[in-house]
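Encoded as structure tokens, the structure appears first; notes follow it.
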Amino acid sequence: MTFGSDQMNLLSISDLSPQEIGAILDRADDLKARRGDPSARSILAGKSLAAIFEKPSTRTRVSLEVAMTDLGGHTLYLGKNDLQLGRGETLPDTARVLSRFVHGIAARVYDHKTLEELGRHAAVPVINVLSDQEHPCQILADLMTVRERFGRLSGLKVAWIGDGNNVCNSTIIAAAMMGMEIVVASPPGYGPNRKILDHADRLGGGTVVVTDPVKAVSGADVVSTDTWVSMGDEDDAVRRVEAFRRYQVNADLLSHASDGAIVMHCLPAHRGQEITDEVMDGPKSAILDQSENRLHSAKAVLERFLV
Ligand code: CP
Ligand code: NVA
């Protein structure tokens, strides 16, 4: 597991500094307020984005495509069977050739190393739109949503309930960078990777990892969860659903959070597993705003990397 440090690509949320994250969030707020303003179409006029998807997507694909269109640019959706990559063309050749056509490459991949290889050989920025390691575009939308609700990030307590996977990893790293306290509750064997925790420690924060979800949620301002069976984990689904049974975000668990707590989920949700209908559709849920903010934050990311 490695973390890039160059300014050209967005492979990890830590490729941005805390100041840059703040600037992207400010710009996302601004673009949200300006939605429908025709002058925004000059921001990415003439720019093209190649969006490679090895896995399905609703929010990420649609947010990227609408963001590019709203800002005057163009997206090429490239599913896993649309490229010669599927017939054995190499990643370096794909990266070099796409770089002659487009101004940026967004990629959703199974293995984070695919992104790193694309990043090494592309002459244009490569943006991670979900790998097995991280989901930086998701966490930017999440931070935007938290800031909208609380007016700040620093000093808030985040409880992550469930799988210590890609979205959790970006949440841990972002919390450390932005001065948020984070407690992760996962079943034994499904917690976050030690290298992510060490990386977050170096960036500023000490993540607390526990197995008791009540302990994590106690006094939390933000309660976040994700599916128990991520894309690529399907073969392990039965074992996972059993292991995570105690980690459902439901009204009982939420009663331990702070009074003004919000609930977040990157989606897609498996209602009745990691989250109940009651919580997902209830007054503490910030989930639809979080989802909408994928669009506004995507615009700010695309402007930052493609202009
Ligand atoms: N949250 C998220 O990335 O959703 P999609 O898988 O639908 O893109
Ligand atoms: N952890 C989930 C996130 C989906 C946006 C997955 O990787 O499938």
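The values are calculated or read from the model by the stated rules, or taken from the named source; none is laboratory data. Quantities reported herein were computed from a predicted structural model and do not represent experimental measurements. Cβ sites come from the backbone with ideal geometry, for glycine too, and all protein chains shown count toward neighbours.
Which one of Leu64, Leu85 is closer than 28 Å to Glu234 by Cβ, assigned to a helix (DSSP H, G or I), touching a helix residue (DSSP H, G or I) at 6+ places or on another chain (Cβ under 8 Å) and at pLDDT below 95? I'd like the intermediate steps shown before the answer.
Numbers: Leu64 fails: at pLDDT below 95.
Answer to the check: Leu85.
When the stretch 1-51 is filtered for residues that are outside any loop (DSSP other than H, G, I, E, B) and among the polar types (S, T, N, Q), the ones remaining, listed by number, are Ser14, Gln19, Ser39, Ser42, Ser48.
If I filter the stretch 84-98 for residues that are surrounded by fewer than 19 Cβ atoms within 10 Å (Cβ to Cβ) and in contact (Cβ under 8 Å) with a residue 60 or more places away in the chain, do I get at least one hit? No, that holds for no residue. Here the stretch 87-127 is the region considered, the condition is being of a type in the set (S, T, N, Q) and closer than 16 Å to Leu76 by Cα, and the residue that is farthest from ligand 2 (Cβ to nearest atom) is Ser99.
Here is a list: Ser224, Ser218. Which entry is farther than 23 Å from Thr2 by Cα, within 16 Å of ligand 1 (Cβ to nearest atom) and at pLDDT 95 or above? If you could, list the steps in order and put the result at the bottom.
Numbers: Ser218 fails: within 16 Å of ligand 1 (Cβ to nearest atom).
Step by step, each of Ser224, Ser218 is checked, and only Ser224 is farther than 23 Å from Thr2 by Cα, within 16 Å of ligand 1 (Cβ to nearest atom) and at pLDDT 95 or above.
Give the stretch 67-82 a look and list any residue that's outside any helix (DSSP H, G or I), of a type outside the set (Val, Ile, Thr) and more than 16 Å from ligand 2 (Cβ to nearest atom), or say none. The answer is Leu71, Gly72, Gly73, His74, Leu76, Tyr77, Leu78, Gly79, Asn81, Asp82.
For Gly282, the stated conditions do not hold, so it cannot be described as within 14 Å of ligand 2 (Cβ to nearest atom), more than 15 Å from the chain's Cα centre (by Cα) and surrounded by fewer than 18 Cβ atoms within 10 Å (Cβ to Cβ). Please go through the stretch 225-257 and give me each residue that is within 14 Å of ligand 2 (Cβ to nearest atom), part of a loop (DSSP other than H, G, I, E, B) and of a type in the set (A, V, I, L, M), ordered by number. Matches in the stretch 225-257: Val229, Met231. Would you say Val229 is over 22 Å from Asp15 (Cβ atoms), β-branched (Val, Ile, Thr) and either without any contact (Cβ under 8 Å) to a residue 12 or more places away in the chain or more than 16 Å from ligand 1 (Cβ to nearest atom) (or both)? When the stated conditions are applied, Val229 does not pass them. The residue of the stretch 258-269 that is farthest from ligand 1 (Cβ to nearest atom), among those that are surrounded by 13 or more Cβ atoms within 10 Å (Cβ to Cβ) and in a loop (DSSP other than H, G, I, E, B), is Ser258.
In the stretch 5-28, the residues that are surrounded by 23 or more Cβ atoms within 10 Å (Cβ to Cβ) form Cβ pairs under 8 Å with partners that are assigned to a loop (DSSP other than H, G, I, E, B) and of a type in the set (S, T, N, Q), at six or more places apart or across chains, as follows: Leu11/Ser131; Ser12/Gln133. Remark: pairs (first residue in the stretch 43-68, closer than 22 Å to Gly119 by Cα; second residue β-branched (Val, Ile, Thr) and assigned to a strand (DSSP E or B); Cβ separation under 6 Å; 6+ apart in sequence or on different chains) = Leu49/Thr75; Ala50/Ile105; Ala51/Thr75; Leu64/Thr75; Glu65/Thr75; Met68/Thr75.
Results for (1) part of a helix (DSSP H, G or I); (2) within 22 Å of Thr60 (Cβ to Cβ); (3) within 16 Å of ligand 1 (Cβ to nearest atom), shown as yes or no for each residue.
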| residue | (1), (2), (3) |
| --- | --- |
| Asp132 | no, yes, yes |
| Ala141 | yes, yes, yes |
| Trp160 | no, yes, yes |
| Ile172 | yes, yes, no |
| Ala176 | yes, no, no |
| Val184 | no, no, no |
